[in-house]
Amino acid sequence: MANLKERIDAVRKEFDEAARRAADAKSLEELRTAYLGRKRGHVTLLFEDLKSVPAEEKREAGRLVNELKQSVTVRLDAIEGQLSSVPPAVSAAGTDLTLPGRKRYVGRPHPLTLFEEEIERIFLGMGFSIEEGPEIETDYYNFEALNFPPHHPARDKWDTLFIKGDLLLRTHTSPVQVRVMERSKPPIRIICPGRVFRRETPDPTHLPMFMQVEGLVIDEGVTFAHLKGTLEYFLRALFGEKIKVRFRPSFFPFTEPSAEVDIECLVCSGKDPACRVCGGTGWKEILGSGMVDPQVLKNVNIDPEKYSGWAFGLGIDRTAMFAYGIPEMRYFYENDLRFLRQFGTK
Amino acid sequence: MKISLDWIREYVAVDLSPQELVDRLTMIGLVPETVEDKGGDLILDLETYANRPDTLGHLGVAREIGAMLARPLLERDWPVAELGEATADIADVQITAEALCPRYCGLVVRGVKVGPSPDWLVRRLEAMGLRPVNNVVDVSNYVLFATGQPIHTFDFGRIGGGRIVVRKAKRGETLVDLDGRTLELAPDMLVIADESRPVALAGVIGGQASGITASTRDVFIESANFDPVGIRKTAKTLGLQTDAAYRFERGADIGFAPKAAVMAASLLTAMGGQASRGLIDRFPKPPKPRTVRLRLRRIAELLGVAVPEDFVVEVLGRLGFRLEASHHGAWRVEVPAFRVDISREADLIEEVARFYGYDRIPSVVTPVDSFAPAANRKLDRLARIRGTLLGQGLDEVINWSFADPEREAAAANGKTPVDIQNPISTRASVLRTTLLTGLLENAAWNLNRGLDGLHVFETGNVFHWIEDGKHCEDLHLGLLSTGLLPAAGLGTAAAETDFSVIKGAVEAVLEALRYDPAGFEPRDHPSFEPGRALAVLYKGQEIGTLGQLRRDFAAVASVDRAVYAAEIDLAALFEKTPRPFQYAPVPKLPGVVRDLSFLVDTSHAYGEVAQALGRLNQPLLEGFELVDRFTGKSVPEGRVSLTVRLRFRHPQRTLVAEEVDRVVQEVVGQLRSALDIQLREGSIDSRA
Ligand SMILES: [Zn+2]
């Protein structure tokens, strides 16, 4: 019996050492055969030895051998569990260094999120803060407060999806500007990104929903020259230092004077009369802007004699399309991962 | 608005090259959208603005070009061959709705020979893309495109009693218009009537019965001014878009009405007719001219550049404004009637800026003051959620806020969708009540295109009606996982996703925002398979659901694989206070670890084990986690093997093995009595 007990301890010790070295499925299988193999397994052989143990000691000896078998089994199972998550190529490290590495898939942000963040970073750097507001708006915040009289044809350009009563889907993020002006005092320096909605028939560059970012600065002594300087800075930060920028008169009910901002066509530089992007003019309309209309300031109880300000609005989708040469706006909302994932590496 | 350069030259001398003209018009805000050479004439299609009806005719565009080139507008005479008969003796005009028709001018041209127009007139109309009809109709179109003032011509013989009554329509009245449509008139619509019935829909379209025909002899010329809002409402209600309505709803020049009538009479009499003497001009309340104060100082304050005083006077003068110096550096500016867009100082400053040149205004970066951007906690949290989920291997998607009401109904979440009054299509006629329908569409789209798995998230607003007509707009987070998970490299076979992927992602988000510990309780949800959903709780409040989507819900989007998803109400979550952040010193003393392997009945969920362990009052037990769970060859039927790693530490001293062993025995004892666990033999493994 003492002899058997010694043998059990020896087998256990040997097994423990061998188990520590078992580093792949093959050596694990060899280990299992060596200890639990039906004919020559070390543990199996111990059961054979039990036969020669005196009857009065058999019970205790049997218990010890059984315990050994149990712990060997548990250990082997555990090693198997660990090994199944270790690829053989890695565990056999050094055999082939040219094998591909192991990496976890990291998700990719949506391109519109990326582009929005890029825009936000530029303005955050200039001391702007980010404001948001509801997507279901009232006629007052979407139109009236912004100097759109009821029944005015100016509303046609902001073709609206109506909900009920005076509720509608905001056609721009300008209502956020109004809400901020209502609740805070100048100086104000904000940008307002978000979803906007228009009743547009879908085509390559128009969809009934898109992303917009608007900006607003209100303070004493703010001039059109500030509008120009800041937007030029922004566009250079976004499109490169050398980009040419042009401001030309336009009309928006909520700004006076109003300006449309064009940048030079990155596709043809004005050299292709049939250019799909600029139509041969060499200029691409990129954003609308202007000095905040005095009536808009009055509507939110800001004295237009004391304060002045400027605002701008830009379509994120269309700007991203222009920046990356994407032909169809709907790609952003189809969410085809083969499209979306490309931008994670931008 | 199309303009012909040839026609413009009747009003102002232009000697720019086509390219120069296009560039300079662009820089004063009259952007030519297309440029076309038509038989030696240059046709420009100008972008128009809703506030500038004065540029809807050649005269107005010429005025802008005159100001741009500092050249005078050329005057032209419109001589009329007159009869001895006075207009007032043969026709009568009465306005009964002055608010809707502030001015009405008219006269009669007798002996008109209706026929083809002369070549010069045909050419002008063809330049506008119009097909000539006959000389009378062509003359009215000519006047409209020349001056922007719409006029209308009636067959005077068909005007009952020679009486024109400008009145509101009577209930039940109808009018067959020039295109043969029968218009149902409403009492708020303005009509031109004769003594008995409507003969035209004022400012929108004429009636067929009083229209010009080959047999017309005498023509009544109408040149009037109508209230823009009234015209717009009428045109919108009846779905009519005409050149006349387009101009009246933007605001026509009330001062120009008589001149346009004379111009038309001059053209018609030049083709053979003779006009009645004197114009009927009903203008009961001529408005006072608008005056606006303009300060030179204010121009500099708004534009950031000092514009020379004589430039201001010159440009505004050429645009038709009358300036009267009130005191030094300030003017009283009288606004011409055709500039309906100008009523404030800022409007005049824009005029100055347009012609001074936006390119001559300097560029100054708005100075950054001392104030720093206000922290936006919501956006910070959203950014952290995105970062966490991207790290979990989920891609971000952005879906429509619109939804198909049928698919929305399949979510069965009991929310009443907000419907859109005038949707683009019936398949996008409500706003989404859940992010899950959009995520399912993404799954269908990508699986149909050969991807073998999809693991995505979206943050965005969902909407629904609550009681008494109020609506909810709440920020949600949606997650979805279906199909194979991405493999990490050789030997890691891509595995099918399961419940734990979504649960792990939700746990990771809540931990990243310190909204932990979160609770998960089995709770059925109509969008999820029964018995396969968990309510997500924070501080006892349900803030979302996760689990396996109901198969018939997924099937509506044609997805037939198992889909795991979650939706979290971020609006509700963000209202809660997260666990405060607190620094804890890194322990200096080593801890002790024991792995405890035991069998437990499969009827006991791991949650019960965790709960039992969590309830233990063992000060030395620092924490625990599940490190292995399996059923296999060596595990009896009906049981499962769990290995829980227990971490022990004493704050002040190093632990000795014996006291840890004692605690482990107590833990085992407590688990045994609570859950009837059975220790696996040789299964307390120590890993210090
Ligand atoms: Zn181009």
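The values are calculated or read from the model by the stated rules, or taken from the named source; none is laboratory data. None of these values were measured; they are calculated from a predicted model. So basically every Cβ, Gly included, is an ideal-geometry build from the backbone, and we count neighbours across all protein chains shown. Side chains included, ligands, DNA and RNA excluded: accessible areas come from the protein's heavy atoms. Shrake-Rupley method; radii C 1.70, N 1.55, O 1.52, S 1.80 Å.
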(message) Less than 17 Å from a label point 7 Å out along the Cα-to-Cβ axis of B:E85: which backbone N atoms in the stretch B:147-168 qualify, by residue?
(response) B:154-164
(request) Would you mind getting the accessible area per residue of the protein assembly as shown, heavy atoms of the protein chains only, 1.4 Å probe, in Å²? (result) 45
(request) At most 16 other Cβ atoms within 10 Å and a DSSP loop assignment: could you name the trypsin sites (Lys or Arg not before Pro) in the stretch B:103-164 that fit? (result) B:K113
(request) Only Cα pairs under 8 Å and at least 6 apart count here; give the relative contact order of chain B as a rounded whole percent. (result) 9
(request) Given a cut-off of 21 Å, name the pairs among A:K298/B:K233; A:K26/B:K633; A:K164/B:K236; B:K415/B:K503; A:K228/B:K378; B:K168/B:K236 whose C-alpha atoms lie farther apart than that in the structure shown. (result) A:K298/B:K233; B:K415/B:K503; A:K228/B:K378
(request) Please report, in debye to the nearest 20, how large the charge dipole of the stretch A:2-84 is about its Cα centre when each Lys and Arg carries +1 at its beta carbon and each Asp and Glu carries -1 there. (result) 180
(request) At 7 Å along the Cα-to-beta-carbon direction for both B:D23 and B:A605, put a label point, then send me their distance in nm to one decimal. (result) 7.5
(request) Under 4.7 Å Cβ to Cβ, no partner at all: give me those cysteines from the protein assembly as shown, in residue order. (result) A:C192, B:C101, B:C105, B:C472
(message) Assuming 0.36 nm per residue, please report the length gained on full extension of the stretch B:E324 to B:V586 beyond their Cα-Cα distance.
(response) 86.2 nm
(message) Rolling a 1.4 angstrom probe over the protein chains, ignoring ligands and nucleic acids, what is the accessible area of B:H476 in square angstrom, nearest 10?
(response) 10
(message) Under the rule that an exposed site lies in a DSSP loop and has at most 13 other Cβ atoms within 10 Å, name the longest stretch of chain B with no chymotrypsin sites (Phe, Trp or Tyr not before Pro) of that kind, not counting the sites themselves.
(response) B:1-370
(request) For the stretch B:382-394, just list the computed ³J(HN,Hα) in residue order, Karplus coefficients 6.51, -1.76 and 1.60, θ = phi - 60°, integers in Hz, with x standing in for Gly and Pro. (result) 4, 5, 5, 4, 4, x, 5, 6, 4, x, 6, x, 9
(message) What are the equivalent ellipsoid semi-axes of the protein assembly as shown, built from the alpha-carbon gyration tensor (square roots of five times its eigenvalues), in whole angstrom, biggest first?
(response) 82, 30, 26
(request) For the stretch B:462-517, give the percent of accessible area contributed by carbon and sulfur heavy atoms, probe 1.4 Å, rounded to a whole number. (result) 57
(message) Quick one: the Cα spread of chain B along its three principal axes, in angstroms, biggest first?
(response) 130, 61, 49
(request) State to the nearest 20 debye the size of the charge dipole of the stretch B:1-70 about its Cα centre, where the only charges are +1 on K and R beta carbons and -1 on D and E beta carbons. (result) 220
(request) Could you give the DSSP H helices of chain A that reach 27 angstrom or more along their long axis (alpha carbon positions) and whose average Kyte-Doolittle hydropathy is no lower than -1.0? (result) A:55-83
(request) Give me the number: length gained by fully extending B:L537 to B:R9, i.e. 0.36 nm times residue separation minus the C-alpha to C-alpha distance, one decimal in nm. (result) 182.5 nm
(message) Can you compute 3J(HN,Hα) from phi for each residue in the stretch A:249-260, using the Karplus curve 6.51 cos²θ - 1.76 cosθ + 1.60 with θ = phi - 60°, rounded to whole Hz and x for Gly and Pro?
(response) x, 8, 9, 9, x, 9, 9, 7, x, 10, 9, 9
(request) Leaving ligands, DNA and RNA out of it, work out the accessible area of B:E314 with a 1.4 Å probe and give it in Å² to the nearest 10. (result) 70
(request) Using a 1.4 Å probe over the heavy atoms of the protein chains, calculate the carbon and sulfur portion of the accessible area of the stretch B:592-685 as a whole percent. (result) 47
(request) Return the loop-located trypsin sites (Lys or Arg not before Pro) in the stretch A:245-328 (DSSP other than H, G, I, E, B) with at most 14 other Cβ atoms within 10 Å of their own Cβ; answer none if there are none. (result) A:K271, A:R276, A:K306
(message) Between A:E200 and B:D552, what's the calculated FRET efficiency when r is the beta-carbon distance and R0 is 41 Å? Round to 0.05.
(response) 0.75
(message) What's the total accessible area buried between chains B and A, using a 1.4 Å probe, rounded to the nearest 100 Å²?
(response) 8200
(request) At 7 Å along the Cα-to-beta-carbon direction for both A:E14 and A:K157, put a label point, then send me their distance in nm to one decimal. (result) 9.1
(message) Let's test the formula: R0 of 25 Å, r as the Cβ-Cβ distance of B:V313 and A:E305. What FRET efficiency results, to the nearest 0.05?
(response) 0.60
(request) Only loop residues by DSSP count here, and only those with at most 15 other Cβ atoms within 10 Å; note down the GluC sites (Glu not before Pro) in the stretch A:260-346 that meet that. (result) A:E305, A:E328
(message) Could you work out how much longer the chain between A:T345 and A:E220 gets when fully extended? Use 0.36 nm per residue separation minus the Cα distance between them, nm to one decimal.
(response) 40.7 nm
(message) How would the stretch B:377-574 be classified by its alpha-carbon gyration tensor: rounded, prolate or oblate, with rounded meaning a/c under 1.5 and the a/b versus b/c comparison settling the rest?
(response) oblate
(request) Run through the DSSP bridge list for chain B and note the antiparallel percent, rounded to the nearest 5. (result) 95
(message) Through the Karplus equation 6.51 cos²θ - 1.76 cosθ + 1.60, θ set to phi - 60°, convert the phi angles of the stretch B:31-43 into ³J(HN,Hα) values in whole Hz; use x for Gly and Pro.
(response) 7, x, 7, 9, 10, 9, 8, 10, x, x, 9, 9, 9
(message) I'd like the residues of the stretch B:481-518 whose 1.4 Å-probe accessible area shrinks by no less than 20 Å² going from the isolated chain to the full set of protein chains.
(response) B:P486, B:A488, B:L490, B:G491, B:T492
(request) Could you name every residue in the stretch B:316-348 that has 10 Å² or more less accessible surface in the full protein assembly than in its own chain alone (probe 1.4 Å, ligands and nucleic acids excluded)? (result) B:R344, B:A346, B:D347
(message) At 222 nm, what value in deg cm²/dmol follows for chain B if DSSP H runs of at least 4 each add -39500 (n - 2.57) and the sum is divided by all its residues, to the nearest 500?
(response) -8500 deg cm²/dmol
(message) At 7 Å along Cα-to-Cβ for each site, give me the label-to-label distance between B:R332 and B:D595 in nm.
(response) 9.7
(message) Let me cross-check B:D179: its accessible surface, 1.4 Å probe, with only protein heavy atoms counted, in Å² to the nearest 10?
(response) 110
(message) Quick check for me: using +1 on Lys/Arg Cβ and -1 on Asp/Glu Cβ, what's the dipole size of the protein assembly as shown about its Cα centre, in debye to the nearest 20?
(response) 1380
(request) Please find the FRET efficiency linking B:R645 to A:N3, where r is the Cβ-Cβ separation and R0 is fixed at 45 Å, and quote it to the nearest 0.05. (result) 0.75
(message) Angle check, please: helix B:606-615 long axis (alpha carbons) against the longest principal axis of chain B (alpha carbons), in degrees 0 to 90, nearest 10.
(response) 70
(request) Any chance you could check the stretch A:323-346 for residues losing 20 Å² or more of accessible area when the partner protein chains are in, compared with the chain on its own (1.4 Å probe)? (result) A:Y333, A:E334, A:N335, A:D336, A:L337, A:R338, A:R341
(message) To check you understand DSSP bridge types, tell me what percent of the beta bridges within the protein assembly as shown (both residues inside) are antiparallel, rounded to 5.
(response) 95
(message) Counting only helical runs of four or more DSSP H residues, what would the 222 nm mean residue ellipticity of chain A come to if each run contributes -39,500 (n - 2.57) and the total is spread over all its residues?
(response) -12500 deg cm²/dmol
